[in-house]
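What follows is a short report on a single structure.
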Amino acid sequence: MIPVVALVGRPNVGKSTLFNRLTKTRDALVADFPGLTRDRKYGRAEIEGNEFIIVDTGGIDGTEDGVETRMAGQSLLAIEEADIVLFMVDARAGVMPADQGIAQHLRSREKATFLVANKTDGMDPDSATGDFYSLGLGEVYAIAASHGRGVTQLIEHVLIPFVGEKPQEVELSEEEANAAYWEAQLGENDDEIPADVEDDFDPTGLPIKLAIVGRPNVGKSTLTNRILGEERVVVYDMPGTTRDSIYIPMVRDEREYVLIDTAGVRKRGKVTETVEKFSVIKTLQAIEDANVVLLVIDAREGISDQDLSLLGFILNSGRSLVIAVNKWDGLSQENRDQIKDTLDLRLGFIDFARIHFISALHGSGVGNLFESVNEAYTCATKRVSTSLLTRIMQMAADDHQPPLVNGRRVKLKYAHAGGYNPPIVVIHGNQVKDLADSYKRYLMNYFRRSLEIMGTPIRIQFKEGE
Ligand code: GDP
Ligand code: GDP
C-alpha cells in the first residue's frame, strides 16, 4: 500500500513550500468534499522512484487557547490517517509554545513521527537543530524546503520501513528488464520466463484489480451492489480500519476481478449496508493499488473541480481508466445532449479513456463497462517486442522528422518496453532529452494509434546514447 505522509506544524514553518516541492504543485488535490474539512491538501509525490501520498494539514495555531482544541479536527484526522508524520518547526524561530503543544500530542500517539527543522539554509547545522531536542521527539532533521536541501535524504530515510534500503543503482539491459518484469509477474525464477514473451503473454491469468472511485453520492455503492448482485461473488466481511478499502474477489464471464470498494459496501448474510464514509486517502490508495480505475461521475451534477482533481491524480498514477457517467436514467434528450457537450469540453484532454453512460440504479449500461475494463487492462499489459517498437518509432520519424537541436538533428536509435500498466516505451538516441514536448506528444500518439492502445496512458522515456 502506498504510504501516506502528513505534514503538521505551526503556520509559516514551510509546510506548503515542502508540499509544493514534493508534488511539483501540479497535482494538489484540495479536499473540498461535502462533509469534509477544506484545508487539507493532498498530493502524489515521487522521490527516487518511491511513491507516496503527501497531506498538508494547514496550520495548527495553538498560541493562546490550547493546541489540543485547535488541533481537533483536520490535523488530528490527518495524523490518524497517516503512516508517517513530519512535524515541521522553524529553525530560525526556535522552539515556540505551540511547538511544545503539538509535540506533546505527537508523543502520545504511536505514529512514526519525524521532527524536521526547516529554514536551515545559511545556518550552522548544530545550532539550527540543537534547541529542538527539548521537544522529546528524538532526532532532529535539518532541511531547507525552499532550497531543497536535505529533502531527498529526509524522505528516503522516512520511507525506509516501507520500501526498504535503497538498492545500488543498476542499469538494466533490455533482457534483464524483461526478466525482472516476468519475475515480478510470475513470482518465479527465470526458467518460467517464456522465450518469446510477445506471443505467449496471457494477461487473463491474473485477476484485474478494479477500483471504483468518485465523489460522495455519485452512486459508487449503488454500482458496486449492482455489479455484485448480478454475479456469483464471494464477499469477505473483512474488518479493516476506516481507512482501508474493501477488496472483493469476483468472477464475471470466467474472468477474475478484485473490486476495490472505496464506498464501504459490505455484505452480512443477505444484507448489504454502507458502513463507511468517503475518505480521500482511501480513494487515493485504491487508485494506486488498482490496475484499472473506474471513475464514477454524476450526470446530474456535471463535472466538478473535485472530479477533475481525482482525474488528475489518476492520470499521474498512470493507472488505466474507464469513466462511468452515472444517473443517466430519466433525463430528457435535450438534457443528455447538453451533458455530453459539457463532458466533451471538460474531458476533451483525455483522449484514451472510454466513457460510458449508465444507470447504476436500473442496471442499464453496467455490463458493458466490463468490456472497456478488460480492454484497458489488456492494453496496459500488452507485450510488445523491441523490434516492433523500434519499427513504429522509425515510421513515426519518417513521417515527421525529429527537429534540429543546436544545429544537429535529433537521432532516434531504437525503442523497447520499459514497463507495463502503464506501458512505458524507452527510446534511445542522441539529444533525445532535448526534444520539444510537442514532438514527444506526437510520438506518444503515434505509438497509441499504431498499437491500438485504449484505456491506459502511455509513457515515453528517453535515454541518451546506446
Ligand atoms: P506554511 O504556513 O507552514 O505552509 O508555510 P509556507 O510554506 O507558506 O512558508 C512560510 C514562509 O517561509 C514563506 O515565506 C516561505 O518562503 C518561507 N520558507 C519556507 N521554507 C523555507 C526555507 O527552507 N528557508 C527559508 N529561508 N524560508 C523558507
Ligand atoms: P456513493 O456515495 O457514491 O456510494 O453513492 P450512492 O450509491 O450511495 O448513491 C447516492 C444516491 O444516488 C442514492 O440516493 C442513490 O439511490 C442515487 N443513485 C445512485 N445511482 C443512481 C442512478 O443510476 N440513477 C439515479 N436516479 N439515482 C442513483
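Since every read-out is calculated from the coordinates, none of them should be taken as a lab result. Because the structure is predicted, anything quoted here is derived from the model rather than measured. Because the Cβ atoms are built from the backbone with ideal geometry, glycine has one as well, and the counts that use them run over all protein chains shown.
Tabulated values for the structure
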quantity: Taking 425, 95, 325, 85 and counting other C-beta atoms within 10 Å, the order from fewest to most; calculated: 95, 425, 325, 85
quantity: Distance from region 425-466 to region 357-413 (C-alpha centre basis), Å; calculated: 10
quantity: Potential extension, residue 436-residue 152 segment - 0.36 nm per residue separation minus Cα distance; calculated: 99.4 nm
quantity: Table column - 3J(HN,Hα) (Hz), region 118-127, Karplus curve with 6.51, -1.76, 1.60, x for Gly and Pro; calculated: 9, 6, 8, 4, x, 10, 6, x, 5, 6
quantity: Label-point separation in nm, residue 111 to residue 217, each point 7 Å along Cα→Cβ; calculated: 2.9
quantity: Ranked list, fewest to most other Cβ atoms within 10 Å of each Cβ, for 395, 444, 88; calculated: 395, 444, 88
quantity: R0 of 35 Å, Cβ-Cβ distance residue 388-residue 301: FRET efficiency to nearest 0.05; calculated: 0.20
quantity: Added length on full extension, which subtracts the Cα-Cα distance from 0.36 nm per residue, residue 93 to residue 160; calculated: 21.1 nm
quantity: Long-range HN-HN contacts of residue 142 with modeled amide H, under 5 Å; calculated: 117
quantity: Long pairs among 340/440; 282/327; 220/327; 382/440, criterion Cα-Cα beyond 19 Å; calculated: 340/440; 282/327; 382/440
quantity: Footprinting exposure proxy for 375, 301 (fewest neighbouring C-beta atoms within 10 Å first); calculated: 301, 375
quantity: Positive-end residue of 450, 432, 460, charge dipole of region 386-464 with Cβ unit charges; calculated: 432
quantity: Calculated from backbone phi, Karplus (6.51, -1.76, 1.60) coupling profile of region 92-102 in Hz, x at Gly/Pro; calculated: 6, 7, x, 6, 10, x, 5, 4, 5, x, 5
quantity: Interchain or long-range residues, amide H under 5 Å from residue 414's placed H; calculated: 428
